[in-house]
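See structure below.
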Amino acid sequence: QRFAFFRPGLPDISTLIHRIAAAESIEIDASAVSLVARAASGSFRDAVSALDQLATACSGPITVDDVRALLGTTDAGILFDLLDRVAAADAAGCLEAVDAQADAGSDLGTLVTDLLAHLRLLFLQQQLGGLPAEAAVTDDERARIAGQAERLEPATVHRLIDLLRGVL
């Protein structure tokens, strides 16, 4: 016999999270569901565990900010700020921003991973003319990504992705 195992996709994990949230009367934003599904990296167990932790920690509806706080991901404002500085060719400002994150005790590996995810969204925006519906971003972030995608050259985004992948 042969068993073919594969990781579930984002739609499957998102459906599971929605189903559990409805059954358990947990209020969670659609963008937060997408972020939990993406963070689960193809694991139903990790997604359910994160939802359980969020339901326990949050008194009201679960938001994207709640998910980011639980997962320890970088605040979106910091990522936008860094890439705004790149667009302005402000190398000193970029170094100061990264140094400030290090001084604040942030995990720089997480910063790089989150910056790569943000650059991926910029790349998708530039190449597709918009982000997929399942992208784990708020409407405000979607608009800001579109603005940044216009200010940054696609070659710059691609080069940054290549450079940061080499760091990991």
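The values are calculated or read from the model by the stated rules, or taken from the named source; none is laboratory data. Remember, it's a predicted structure, so these values are computed and weren't measured experimentally. Accessible surface areas use protein heavy atoms only, side chains included; no ligands, DNA or RNA. Shrake-Rupley method; radii C 1.70, N 1.55, O 1.52, S 1.80 Å.
Angle between the Cα long axis of helix 30-39 and the longest principal axis of the chain, 0 to 90 degrees, nearest 10?
So the inclination is approximately 80 degrees.
Excluding ligands and nucleic acids, what accessible area in Å² is computed for Phe80 using a 1.4 Å probe, to the nearest 10?
It works out to around 0 Å².
Rank Arg142, Arg159 by accessible area, highest first, at a 1.4 Å probe radius?
Arg159, Arg142
How far is helix 76-87 tilted off the main Cα axis of the chain, in degrees rounded to 10, range 0 to 90?
Once rounded, the angle reads 30 degrees.
For segment 29-91, with every protein chain kept in place, what is the accessible area per residue (1.4 Å probe, Å²)? Each step should come with its number before you reach the end.
Working: 2960 Å² over 63 residues.
Counting only protein heavy atoms, the per-residue value for segment 29-91 is 47 Å².
Any idea what angle helix 10-23 forms with the longest principal axis of the chain, computed on alpha-carbon atoms, 0 to 90 degrees, nearest 10?
50
Answer with a single label: of (i) 131; (ii) 147; (iii) 176, which was calculated as volume of the Cα convex hull per residue in Å³ from the structure in view?
(ii)
State the percentage of accessible surface on the chain attributable to carbon and sulfur atoms; use a 1.4 Å probe and exclude ligands, DNA and RNA.
53
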